[in-house]
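Have a look at the structure below before the remarks.
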Amino acid sequence: MSVSIKLQLNQEIINIDLERPELIFGITAVLYNGDTNGIQSIYVPILEERVPIIKSNETRFFIPAHIQEDFIYAKKNNLLIKQVIAPYFKGIGNENVREDVKTQERHSVIVVIKNDKSDEYLCLDCKNRDCKSFVLGGVEEGETVEEAAIREVYEETGYNDIEITYKSPFKLINHFYAEYKEVNRYAKMEIIIGRLKSESNINISEEENKKHIIKWVHKEELLNFLTVNNNIYAVDLLFNGEKAITNEGIMINSSFLDRLDSYEAREKVEKLLKS
């Protein structure tokens, strides 16, 4: 169901229908088919801010993180891309979120490292639980995500000569019970891609060695090997390229909508705009 939002440009009232009102905080411009008399931005009341006007053959909101054609245009023209819905992965089985334990906020990375010579990817096979994944880890205070990725690869695998080549513009949410820590984890995760510059390796600690087996997995076998859903999401990015997030998920960067699922957020914004 679309919701109409009224904007005023010069003396003209513009009605713009928003097909997915939960995306309101992801609006970064207005596509406008008309004369702006030199005005370059327009006030959006619900956002309480002005956004740029992009001359177009249509009139609608410009939402590049969640509309593929807008995403392509924004990337090409270095325009703001603001993510407000994150893919949401919830633990199942032994990792199902528990109500009787505390929840720990976390900023984490999924680190995808390639060996160009063998066309293989660095993975971990956990010894004490069913978890086959890329290198995963938390971002420490003061670290960039790239620095965290390099550190985690070094600590968990011993490889100490890697190059980061890509950082995804989008975050995803991983919400699960970490049995090995006895807490729920609510992690905002970022996908970092890199490569081995050389095969230089320092032996990992005995503690890390007890946790997992280091495996190099050929790209054709990754989907058969990985057991973590958010890692499979990373594989899609790796092989099919980045694209707008058009599915449902959990709200982020959205003020009073944060942590709602996108269905709930849609209903809340619809009521707000109609009141």
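The values are calculated or read from the model by the stated rules, or taken from the named source; none is laboratory data. In this text the structure is predicted, and so the values were computed from the model without any measurement. Note: ideal-geometry Cβ built from the backbone for every residue, glycine included; neighbour counts use all protein chains shown.
Rundown of residues vs (1) of a type in the set (D, E, K, R); (2) exposed (fewer than 15 other Cβ atoms within 10 Å of the Cβ); (3) more than 20 Å from the chain's Cα centre (by Cα), yes/no style:
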| residue | (1), (2), (3) |
| --- | --- |
| His218 | no, yes, yes |
| Phe225 | no, no, yes |
| Asn231 | no, no, no |
| Ala234 | no, no, no |
| Leu237 | no, no, no |
| Asn247 | no, yes, no |
| Asp258 | yes, yes, no |
| Leu272 | no, yes, yes |
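Going through the range 114-123 one residue at a time, which ones are over 22 Å from the mean Cα position of the chain (by Cα) and closer than 19 Å to Ala149 by Cβ?
Those that are over 22 Å from the mean Cα position of the chain (by Cα) and closer than 19 Å to Ala149 by Cβ: Asn115, Asp116, Glu120.
Determine, yes or no, whether Asn94 is at pLDDT 95 or above and either at negative phi or in contact with a Phe, Trp or Tyr (Cβ under 9 Å, 6 or more places away or on another chain) (or both).
no
Which residues, counting only those in the range 47-76, are among the basic types (Lys, Arg) and closer than 23 Å to Leu172 by Cα?
Hit for the range 47-76 is Lys75, nothing else.
Can you tell which of Asn77, Asn37 is in contact (Cβ under 8 Å) with a residue 12 or more places away in the chain and loosely packed, with under 15 Cβ neighbours inside 10 Å?
Working: Asn77 fails: in contact (Cβ under 8 Å) with a residue 12 or more places away in the chain.
Within the list Asn77, Asn37, the selection yields Asn37.
Can you tell me which residue among Arg20, Arg60 is of a type in the set (Lys, Arg), outside the structural domain of Tyr177 (by TED's automatic domain parsing) and crowded, with 19+ Cβ neighbours inside 10 Å? Explain how you work it out, then say what you get.
Values: Arg60 fails: crowded, with 19+ Cβ neighbours inside 10 Å.
After ruling out the rest, the residue left standing is Arg20.
Out of curiosity, is Asp116 in contact (Cβ under 8 Å) with a residue 60 or more places away in the chain, among the acidic types (Asp, Glu), farther than 14 Å from Ser198 by Cα and surrounded by fewer than 15 Cβ atoms within 10 Å (Cβ to Cβ)? Give the derivation first.
Numbers: in contact (Cβ under 8 Å) with a residue 60 or more places away in the chain: yes; among the acidic types (Asp, Glu): yes; farther than 14 Å from Ser198 by Cα: no; surrounded by fewer than 15 Cβ atoms within 10 Å (Cβ to Cβ): yes.
No, not satisfied.
Sort through Lys215, Lys188, Lys210, Lys171 and tell me the only one that's in contact (Cβ under 8 Å) with a residue 40 or more places away in the chain and either in contact with a Pro (Cβ under 7 Å, 6 or more places away or on another chain) or outside any strand (DSSP E or B) (or both).
From the options Lys215, Lys188, Lys210, Lys171, the qualifying one is Lys210.
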